[in-house]
Every structure is written in C-alpha cells, then in structure tokens.
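These notes concern the structure reproduced below.
Read-outs: derived from the displayed coordinates by stated rules, not from any lab. Predicted, not measured: the structure shown is a model, and the values here were computed from it. With ideal geometry, Cβ positions are generated from the backbone for all residues, glycine too; neighbour counts draw on all protein chains shown.
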Amino acid sequence: MSVYEERTRECQRRLRERGASGVVLFPSPNLSYLAGFGEEPGERHLLLFVPAEGDPAFVAPELYADQLREATWVEDLRLWTDVEDPLPLLAETARDLGLDEGELLVDPTMWARFTQDLREAVPDATWGLADAVLGPLRVRKDDAELDALRRAAEVADAAMRDVRDLGADAVGRTETDLARFVEERLVAHGGDGTSFETIVGSGPNGAKPHHHCSDREVRPGDPVVLDFGTRVDGYPSDQTRTVVFEGDPPAGFESVHDVVREAQQAAVDAVEPGVPAEDVDAAAREVIEDAGYGDEFVHRTGHGVGLEVHEEPYVVGGNDRPLEPGMVFSVEPGVYLEGEFGVRVEDLVVVTEDGGERLNHTDRGWRV
Ligand code: GLY
Ligand code: MN
Ligand code: MN
C-alpha cells in the first residue's frame, strides 16, 4: 500500500470516528497529501471525493486523465470534457459513494464557486472543513517528510553561507539584487524555487517583519534581515538571519541581537512533547519582555511547517495544544525598532521523543 493510500485509509478511520460521511478536496496541499497529485487550483472542476468507507474517486477534466493515472493510486476516475456540465457528475459521484447526506468536509481553500456547486449537487449534506480530520494527520511528519524538511533546511543553510561569504561585496547592492542572489544560490544547492517571497530588509526596512525587498542599497553598518526558503520534494525551508556585512552597526543593535538570540534559544530549549505550544511562545517572549522590548516583538514566535509553509501548530499565546513528536515548526522571535532596524533569528525545529532538534545549523551571529 502506498503512503498516500495509507494516509487516506487513516483519514477514513477518522471520518468514521467523527461520524462524517466524507471529504471533498480541491487542488491543494490536502489533495497532494492524500492523492500524491499536485496541481494549481484552476477554473475546472477537479475534485477528490473520499467517503468514510470504500474507495475514493476523482471527478476531473478529461485532459488530466493520463496525469492522474500516472501520479495517483486512486483508480476511480470520473472524467468530464470541456463541452459538458460537470454538475450532474458531482451529484452522481456523491450518490455512488454514499455522500449525498450527512456531514461533508470540504477543503478549506476550496474556491467558493466549487463549494456552491457542491451545495447544489448535494443539497441534503451538512458542511464542515477537512482540517478537522486532515489537520491532526498532517501535523505529525513521517520519516519521508522529515527527510525532505531536513534536506530543504540544509539547502537554506548552504545558501546562507554563500550570503555571508559576500562580506563587504554586499554593500552597495540593492535588497532586490541580494534577494535574487539568495534565490539563485538556493537553486544551485538543489532547492526547487522559493517557499515564500524572499525577504531582504536592510536598515530601517528590517523593522517591517514582512517587508519583501526594494531598490534600497545596503550601506556599511546596516543590519540586514534575510528570511528565505526553498522546497525539496515539496517540503519547504524557512530560515532567518540578521547580519551586518561591513562596518559598525547602529547603537543598541548588538544588545538587541543578543536578546533575540537568547529568546530564540530559550524557546528551542522549551520544546518537548507534552508542552503546550503557547509555552514555547512564552519562553521567547519572557526574555524579550525582560529586556524591555516586549512591545517591539509584534508577532507570534512561530508556525508549523509542512506541505504549507504556514500551518499548524501555531506557536502563539492561547494555543494550548500539546506538542507531539514529529511536529515541525519555526522559532522566530524578533525585535523591530521602527525607523531604525529589525532583528529576527529563525530556525525550524522538530519535536523529538524527548525534546526539540533544530533543522538549521548555520551561524546565528550578526558578524559575517
Ligand atoms: N517569512 C515568513 C515567515 O518566516 O514566516
Ligand atoms: Mn521566515
Ligand atoms: Mn517563518
């Protein structure tokens, strides 16, 4: 049995436990996770129906027939052509699979036009979100997923070493130019594109946590926040370092950098199975608050990482979900001084049987 079929069978077990009739997925990380088939969302009806019992079925445009046969273990393909109305096929498939009543869980990212069509095709169903059964499954990574995440982290580490090697040559280059350099190095080390828009925030731009990049040139003494990632086998990296390429940093920078590093270490040290996710956030926040920068740490400490670069578990106050072995998330405290500079240090961490292990290992210091 393939890993995808195993996941689907586990999903079905959870559906039965919940008393739901099935799941309907749309091109999304959930679909890749169960079917092994990834595609960009599009305007055509491409839906996977997974009943609580029995075999799943795709309703798909005929033009995908070969791709689906090659990529997925799902054998029941119900194809429609561009000149047909797919709605009757949706209704027929739901009926055949026993999904025409009871609770149907739909992909949370499904476009509204498809959920509307489903409502029309299956008028007697009640509705919920697929995360209810797929979230707890996806949150614990298996060995193959961990291997991909480790390799993606290694690629990010290697690219960061190349960035440090630029040294004084980075001065005078624009943030955009440095971002393109990072992206080129990620691919050179074996990554597949970027996992999110690369952030290069120099000087005061570093104080905007989600600044992307601009034509501002790096100046001597500028702190530069570099936050980037790539994908390996579909799984992302996400790493941040804050460095000064040449010259003396602004007053106060060094101590802020020390505080952020201490906060990050405290949060990593707090990672252990059974510990509520919010305690990891609190461990970082306490260090930053004690140093007097609590109001300048304007975001959560981290987010889970898997097929999506932001997913459960969120490392945030109010999330009392206990950590479990196999969870992977970022630990990325930051301090942002508006108009001056920002500092963020980010690594991915996997929860092990007795603690936490960083996936990123490059130098976290600010001197290149
Ligand atoms: N770049 C966004 C993040 O680190 O989550
Ligand atoms: Mn990041
Ligand atoms: Mn992150």
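Details
- For q = 0.10 Å⁻¹, Debye-computed log10 I/I(0) when each Cα of the chain counts as one equal scatterer: -0.70
- Check: region 128-231 dipole with +1 on Lys, Arg Cβ and -1 on Asp, Glu Cβ, in debye: 220 debye
- Ellipsoid fit via the Cα gyration tensor, region 125-204: semi-axes of 35, 17, 10 Å, each the root of five times an eigenvalue, largest first.
- Inter-site label distance for GLU92 and SER255 at 7 Å from Cα along Cβ, in nm: 7.4 nm
- Kyte-Doolittle mean at least 1.0 and Cα axial length at least 30 Å: DSSP H helices in the chain: none
- The chymotrypsin sites (Phe, Trp or Tyr not before Pro) of region 74-144 include none that meets both criteria, a DSSP state outside H, G, I, E and B (loop) and at most 11 other C-beta atoms within 10 angstrom of the site's C-beta.
- Alpha-carbon centroid distance for the pair region 81-131 / region 1-58, whole angstrom: 13 Å
- Loop-resident sites, region 299-368, for GluC sites (Glu not before Pro), counting at most 13 other Cβ within 10 Å (DSSP): GLU338, GLU353
- Taking 0.36 nm per residue of separation and subtracting the Cα-Cα distance, full extension of the segment from ASP82 to GLU289 would add 68.6 nm.
- Per-residue [θ]222 nm for the chain (sum of -39500 (n - 2.57) over DSSP H runs n ≥ 4, rounded to 500): -11000 deg cm²/dmol
- GNM result for the chain, Cα springs below 10 Å: residue of VAL155, VAL232, VAL171 fluctuating most strongly: VAL171
- Our compactness index for region 215-256, the C-alpha radius of gyration over the empirical 2.2 N^0.38 Å, is 1.54.
- Label-to-label distance, nm, for residues given as PHE196 and THR174 (7 Å Cα→Cβ offset): 2.4 nm
- The slack between HIS210 and VAL187, meaning 0.36 nm per residue of separation minus the straight C-alpha distance, is 6.0 nm.
- Dividing the mean sequence gap of close Cα pairs (under 8 Å, 6+ apart) by how many residues region 60-206 holds gives a relative contact order of 15 percent.
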